[in-house]
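Following: one structure in structure tokens, then a few remarks.
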Amino acid sequence: MSDVLLQYMQRRYEWEISVTDPPLSYIKQQGIFRFQIALGVNIPYPLLKIWYENVHKAEGFPKSWFRTGYRIQGRLESEAGIVAGKYRQNKGQKREQLNSKCLTLSILNADLVSIEEMERKLHTTRDELSEWEKKFDDLEAEKQKLINEMRDVQRKNEEEIIHLEAAGEELKDYVDQLERQSGLTCQSKKVGEVGQKQRQRKLKVLKERAECALWFAKSFGLELGILKFKDVKCNETYSLHYHTPMTSRAEEEETPESSPEELSDYQRSQIEQILFLLDKFYVSDRFYHELTVAYEDIPSSYLIKQLRSDLNRMTNIA
């Protein structure tokens, strides 16, 4: 604690800020009218020194004591700096003389805020606060209303889902009953358990029933092209080609009577693209045959051979 602060604790009643008449020298110097000055404030030098030291040493210490502008603030900072310099330059008796001096600071009418203005602003602030509280209450009520509406919608959706699930189960049971009544299910031997001719008949029946079951595909702008099935016992695959003969992978190589003319435009275009790639990269027929054995979804090798033959017959080289 500085010496001045210790002396202030001892002489704080002598070093109090007091109100006085404004000095005439300031009126003459500034060229202002007397009635523009509201009052004068005597600030002892020790207080200026203490304020200056604390302002420049401690962070967060308020530098501005007055609501209005920069005139008073600038004057305080300037005079406090001068006073602090005098204290640093003088010691002993001269410093004691400084302790008895005061700075007279003139306060203009413009620097003051009237009680009426403060009360008016306080009243305005209270009105604004009341308005915000009212809006907040309205927002809370609106929020609660939206929450209740969302809960009602969620509850209705859950009830609708339960209703639809129940209707779906009823519809499923009804379809199962229709299948049993109409004999759509296979009551005899399975496809893999019969001979080739009977297998073809079963596949034909399956093809017709599958087409009936998938009738809705046309409503999506789609046409049924091929269905693939796999025997659950021997893992043999069966392809049901619509607009083309139905064959299994093992039977495709045994039925050379099928020709590219029986293919759809899409299937023919797909095979032509494969044939172009085979010729472009010099892929042998034997390699492609092995590829068809490993991957069942690609066209069989005999269709590739037939289409190549057809294209060669159509081409004349002069």
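Quick look at the values:
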{"read-out": "Hits in the stretch 57-79 - residues which are part of a helix (DSSP H, G or I) and modelled with pLDDT under 75", "value": "K57, Y70, R71"}
{"read-out": "Residue check for E272: modelled with pLDDT of 85 or more, part of a helix (DSSP H, G or I) and acidic (D, E)", "value": "yes"}
{"read-out": "Test: T124 is touching a residue at least 12 places away in the same chain (Cβ under 8 Å), of a type in the set (S, T, N, Q) and surrounded by 10 or more Cβ atoms within 10 Å (Cβ to Cβ)", "value": "no"}
{"read-out": "Per-region count, the stretch 81-109, residues touching a residue at least 60 places away in the same chain (Cβ under 8 Å) and among the aliphatic types (A, V, I, L, M)", "value": "4"}
{"read-out": "Selection count where residues are surrounded by 12 or more Cβ atoms within 10 Å (Cβ to Cβ), not β-branched (V, I, T) and not in a loop (DSSP other than H, G, I, E, B), scope the stretch 214-229", "value": "4"}
{"read-out": "E117 vs. criteria in a helix (DSSP H, G or I), at pLDDT 85 or above, more than 24 Å from T20 (Cβ to Cβ) and among the charged types (D, E, K, R)", "value": "no"}
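The values are calculated or read from the model by the stated rules, or taken from the named source; none is laboratory data. Remember, it's a predicted structure, so these values are computed and weren't measured experimentally. Cβ sites come from the backbone with ideal geometry, for glycine too, and all protein chains shown count toward neighbours.
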